[in-house]
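Laboratory data are not the source of any read-out in this text; all were calculated from the coordinates shown. Quantities reported herein were computed from a predicted structural model and do not represent experimental measurements. Cβ coordinates were reconstructed from backbone atoms using ideal geometry, including for glycine residues, and neighbour counts include every protein chain displayed.
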Amino acid sequence: MTEKNINEAMYLPISLIVSALLLSGTIFVVGGNINESLSGLSDAMKSIGPIGTGNTGNNDSGDTGNIAPSEPTVPSEPVIDMEALIDDDAMEGNPDAPVTIVEFSDFQCPFCESFYTNTLGKLRENYIDTGKVRVIFRDFPLSFHPNALPAAEATECANEQGKFWEMHDKIFENQDAMSTASYKQWAADLGLNTEQFNTCYDSSKYQSEIQADFADGQAAGVSGTPTFFINGQKVVGAQPFSVFEQIIEAELAN
């Protein structure tokens, strides 16, 4: 065998041995890194605590895990300036009542009708008629309710003759019959001066007043009807009487 053949014969096993040693060392180094990473991750998980605790949200018992409770945060809802919401709109109740409810409503809104039918009567009996609460009605006619603006104009014209709430009630009690002819007939039924009412209604005299109500509502964060502000606390939707009762009683106790 020549020297060249001997060298080639020895090269192959030596290469295999060297490759095996290198591979073994690589696996050892990588394995060491993996073990070190897993150990670090385990320590980190122990410091955080079980998933579902900490500041990811409280459970039913109020447990906050190993995270100290944070300082109280500023409420996301803006503070409502009730004085800014009280315009020269129709008011029902004692002007000096300790609780004020400002209502933004739409006469064609079914939820507003539900509030009228199911809740307003109880509010009148328990709080408005007893001098504890006053209600201020402001118009918020939604664009997809074509009868809402004319109905609002009818109540404003009735208000000229001191019959706002009577027209308000008549419309909600006959929401499926809203029309110009109906408003004029109801004005007569309520004993209004029909010539004055008809002139007021036909001229859209109070359209700018209604638009101002709408703008004020938007500025206060109203986006749907009915929306109420009870001594600054916002209540949205046709909530049951119990919701209003709870808030009012809390305000009266202050």
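Yes or no: Gln161 in contact (Cβ under 8 Å) with a residue 60 or more places away in the chain, surrounded by fewer than 19 Cβ atoms within 10 Å (Cβ to Cβ) and either under 22 Å from Asp213 (Cβ atoms) or in contact with a Ser or Thr (Cβ under 7 Å, 6 or more places away or on another chain) (or both)?
In short, no.
Within the group Thr180, Thr119, which residue is over 26 Å from Val236 (Cβ atoms) and of a type in the set (Val, Ile, Thr)?
The conditions single out Thr180.
Among the numbered conditions (1) in contact (Cβ under 8 Å) with a residue 40 or more places away in the chain; (2) within 30 Å of Asn254 (Cβ to Cβ); (3) among the hydrophobic types (A, V, I, L, M, F, W, C), tell me where Ile128 comes up short.
(1)
Can you say whether Gly224 is surrounded by fewer than 16 Cβ atoms within 10 Å (Cβ to Cβ) and of a type outside the set (S, T, N, Q), as far as the supplied structure shows?
Yes, satisfied.
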